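Structure first, commentary second.
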Amino acid sequence: MKVPMLDLHAQYDPLLDDIRAAIGNVFKTHKYIMGPEVREFEEKVASDLGIAHAVACSSGTDALVLAIKALGIGEGDEVITTPFTFFATASSIWRNNARPRFVDIGYRSFNLDPSLIEAAITPQTKAIMPVHLFGQCCDMTAIMEIARMHNLYVIEDNAQGIGSTWDGRMSCSFGDIGTLSFFPSKNLGAMGDAGMCLTNDDELANSLRQLRLHGENPKYYHKWVGLNSRMDTVQAAILKVKYDHLAAWSEARRANAAYYDQHLAGIPQILTPHIDPRAVSCYNQYTLICEDRDGLLKHLKEHDIGCAVYYPLPLHLQECFKELEYKEGDMPNSELLAGKVLSIPIYPELTDAQKEYVCQTIKSYYL
Ligand SMILES: *Cc1c(COP(=O)(O)O)cnc(C)c1O
């Protein structure tokens, strides 16, 4: 048996007719840039998530770059974030000439540890950028409280957490701006790069719309140096079709997680994900903490089971950030987990036989 990390054939096969029709519709207008589908997709997401404004853009990375720009954060400013995340979280800060200030994560949540945030606040701090890693929300109660007390902006990097909730409230609705990625391996994936900013603030929404269009308004008059960062009409058309399946896909991911939770519970060498009772995860990843991780990884690959390490080197130790002068030992949980985490297939179309095979193969390694 083969179990890939993600099965895009299984995801797309039932949708091919609808997606072909949606792409066909774009030929009717030939409006490849900012065609009507972009606005339609924005409205669909905003109303479904219950957030006032959605601003589609060209990637999850650019969504973060735009969010930071729209808040006026730049040279001389600091943004507090996690080192245990995808690179774009910190690069988006750097590319705005601001500095990431890393704060370690909780060992079981993989997310920013709110109890460590206040010690990292300086007079230069402008924002906190929590990442809802693997689809589980950060402790937004604590983070919003700290932000209010210290008058800081909050940007939720929700690239992995579309539709997840904290304390009954939707991710992306807590901070000043929340961002999404539609990279093909995210819970809602485009057929290429795409992303989005969400905000309840009318003025920020206007700034974001302007910044993704070279900062121009009216046409050929530039208040800011913005980006060329629009979502392709074709991607919006595809995402609009796929969005209707997202809730069912997230349910299927949760059911797969429940299966793994139950069937991997008795293995002393691994810890299954711990989800806070206040959080509903959308499980972009199902990530184990394992003893002898590299041995298990090799064993799974030998048995045709896809798996991956997210992420092997925390961002505070990346070469490109060496002038920030972090060193090994600064972020103990992130560093320890980088050597212990392994994500296993959790995509919605997994069959019962595949899940059983994954669990048996992990058991056969340890027991
Ligand atoms: C995927 C991802 C991004 C970047 O999204 P792209 O669409 O690939 O540019 C940013 N942050 C996190 C946490 C991600 O997982």
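So here's what we get for this one:
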| item | result |
| --- | --- |
| Selection from the range 69-117 of residues that are within 17 Å of L317 (Cβ to Cβ), part of a strand (DSSP E or B) and away from the ligand (no atom under 12 Å from the Cβ) | R99, P100, R101, F102, I105 |
| Selection status of L208, within 30 Å of Y310 (Cβ to Cβ) and touching a Leu at 6+ places or on another chain (Cβ under 8 Å) | yes |
| Criterion violated by R108 - all others in (1) more than 21 Å from N187 (Cβ to Cβ); (2) in contact with a helix residue (DSSP H, G or I) (Cβ under 7 Å, 6 or more places away or on another chain) satisfied | (2) |
| Contacts under 8 angstrom Cβ, first residue in the range 79-100 being within 20 Å of D139 (Cα to Cα), partner among the small types (G, A, S) and more than 10 Å from the ligand (Cβ to nearest atom), 6 or more apart | V79/A98; V79/A127; I80/A120; I80/A127; T82/S334; P83/S334; F84/S334; F84/A338 |
| S58 closer than 14 Å to C197 by Cβ, assigned by TED's automatic domain parsing to the domain that holds G226, at pLDDT 95 or above and hydroxyl-bearing (S, T, Y) | yes |
| So L296, is it in contact (Cβ under 8 Å) with a residue 12 or more places away in the chain and part of a strand (DSSP E or B) | no |
| Filter result (touching a strand residue (DSSP E or B) at 6+ places or on another chain (Cβ under 8 Å) and either of a type in the set (D, E) or assigned to a helix (DSSP H, G or I) (or both)) within the range 168-200 | D176 |
| Positions within the range 129-143 being under 16 Å from the mean Cα position of the chain (by Cα) and more than 15 Å from the ligand (Cβ to nearest atom), in sequence order | D139, M140 |
| Condition check for L239: among the hydrophobic types (A, V, I, L, M, F, W, C), surrounded by 19 or more Cβ atoms within 10 Å (Cβ to Cβ) and closer than 30 Å to E145 by Cβ | no |
| Residue tally, condition in contact (Cβ under 8 Å) with a residue 12 or more places away in the chain and under 30 Å from Y366 (Cα atoms), over the range 299-338 | 22 |
| Subset of the range 45-68 (residues that are within 14 Å of D201 (Cβ to Cβ), within 15 Å of the ligand (Cβ to nearest atom) and outside any helix (DSSP H, G or I)) | V55 |
| Options S173, S229; residue that is within 16 Å of the ligand (Cβ to nearest atom) and either outside the structural domain of A63 (by TED's automatic domain parsing) or hydroxyl-bearing (S, T, Y) (or both) | S229 |
| The range 254-279, residues that are outside any loop (DSSP other than H, G, I, E, B) and in contact with a helix residue (DSSP H, G or I) (Cβ under 8 Å, 6 or more places away or on another chain) | N256, Y259, Y260, H263, I270 |
| Count of the range 144-163 residues which are within 16 Å of the ligand (Cβ to nearest atom) and either surrounded by 24 or more Cβ atoms within 10 Å (Cβ to Cβ) or assigned to a strand (DSSP E or B) (or both) | 9 |
| Considering residues of the range 14-44 that are of a type in the set (V, I, T) and assigned to a helix (DSSP H, G or I) only, the residue surrounded by the most Cβ atoms within 10 Å (Cβ to Cβ) | V38 |
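The values are calculated or read from the model by the stated rules, or taken from the named source; none is laboratory data. Not measured: the values here are computed from a predicted model. In this analysis, Cβ positions are derived from the backbone assuming ideal geometry, glycine residues included, and neighbour counts consider all displayed protein chains.
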